[in-house]
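Sending over a structure as structure tokens; questions will come in a sec.
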Amino acid sequence: MSTTGGERDADTVLITGASRGIGLALVQQLLRDGCRVIATCRAPEQAHALQTLLASAALEILPLDVVDGASVARLVEALGGRRVDALVNNAGVMYRRDGLPAVVDADGQARQEAEWMDSFASNTLGPVRVAVALKACLQRAPHPRVLTVSSQMGSLARAGTGSLAYRCSKAAVNMAMRSLAQEWRDDGIVVTLCHPGWVRTDMGGSDAALSVARSAADIAALLARLGPDDSGRFFDHDGRPMPW
């Protein structure tokens, strides 16, 4: 929550990838916290769980495909210069069968290359594109924040095996957001990243340690307390520093 003119004023939080998983849980949590929420996803008409939350006057659902520049431009037009207190870059993809590029048949090579390109388009370029497009809206807020949901799999200090395209795309977005934090420091926009934990989602699997509700509650609490000294930092979902 932010305060303007001595009165409490609800934060407006825009979330990408809000139709399911952590994004949907974040919408639910932030509405409970008293925020106004702009939930975005590629196909709002198919986001049935998200649509059920429209009973709340504090929720607005808008279409957005973060890999499509024209879609991002339409979002900016729909916002009409409104204030956005916080952007949560949550949209992303993960291909489980990706790995080291290999000499394979033409069809397999084309599929593998497409998965790599889509990983970077969604997980790296998408969050940067949306943040830059919304900069003017963020600058209208008294305490603007950008929080990108990354992964410990993008930490160079925790390099592992498997899901190589995902790891590389998350390492790239970590660097991009850390650089953006430096570029926007004088603009007063806090730019951070977080690892959501190992969460029981379609991506995390049923054996994961955290429920989506627990992860979302932790991320919402982290978002609420972010300040200028946090810009450029990488956090675990519960606010502990993560290694780069």
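Using only alpha carbon positions, build the gyration tensor of the chain, then give the equivalent ellipsoid semi-axes as the square roots of 5 times its eigenvalues, largest first, whole angstrom.
Taking √(5λ) for each Cα gyration eigenvalue gives 29, 20, 18 Å.
Further, regarding this structure: With the radius of gyration and the Kirkwood radius both derived from the Cα set of segment 119-160, what is their ratio Rg to Rh?
On the way: Rg = 13.3 Å, Rh = 12.1 Å.
With Rh from the inverse mean 1/r over Cα pairs, Rg/Rh is 1.10.
What are the semi-axes of the equivalent ellipsoid of segment 115-200, taken as the square roots of 5 times the eigenvalues of the Cα gyration tensor, listed largest first and rounded to whole Å?
25, 13, 11
For the chain, modelled as a GNM with alpha-carbon contacts under 10 angstrom, which of Gly108, Gly81, Gly17 fluctuates the most?
Judging by the Gaussian network model, the answer is Gly108.
Continuing with the same structure: Ranked highest first by average number of other Cβ atoms within 10 Å, how do 166-172, 54-60 line up?
Highest mean packing first, the order is 166-172, 54-60.
Taking 30 Å as R0, compute the FRET efficiency from the Cβ-Cβ separation of Ala213 and Ala159 and round it to 0.05.
Calculated transfer efficiency: 0.50.
Tell me the volume per residue, in Å³, of the convex hull enclosing the alpha carbons of segment 29-131.
135
Between Gln139 and Asp186, how many nm apart are label points set 7 Å from Cα along the C-beta direction?
Each label point lies 7 Å from its Cα, and together they span 1.2 nm.
Continuing with the same structure: Could you give the length gained on full extension between Arg111 and Leu54, defined as 0.36 nm per residue of separation minus the Cα-Cα distance, in nm?
Once the chain is fully extended between Arg111 and Leu54, it gains 16.7 nm.
Ordered by residue, what ³J(HN,Hα) values in Hz, to whole numbers, does segment 148-161 give under the Karplus form 6.51 cos²θ - 1.76 cosθ + 1.60, where θ = phi - 60° and Gly and Pro are x?
Each residue of segment 148-161 in turn: 9, 7, 9, 6, 4, 5, x, 7, 5, 6, 10, 4, x, 10 Hz.
Where a number appears in this text, it was derived from the coordinates with a stated rule and is not lab data. None of the values given here were measured: they were computed from a predicted structure. With ideal geometry, Cβ positions are generated from the backbone for all residues, glycine too; neighbour counts draw on all protein chains shown.
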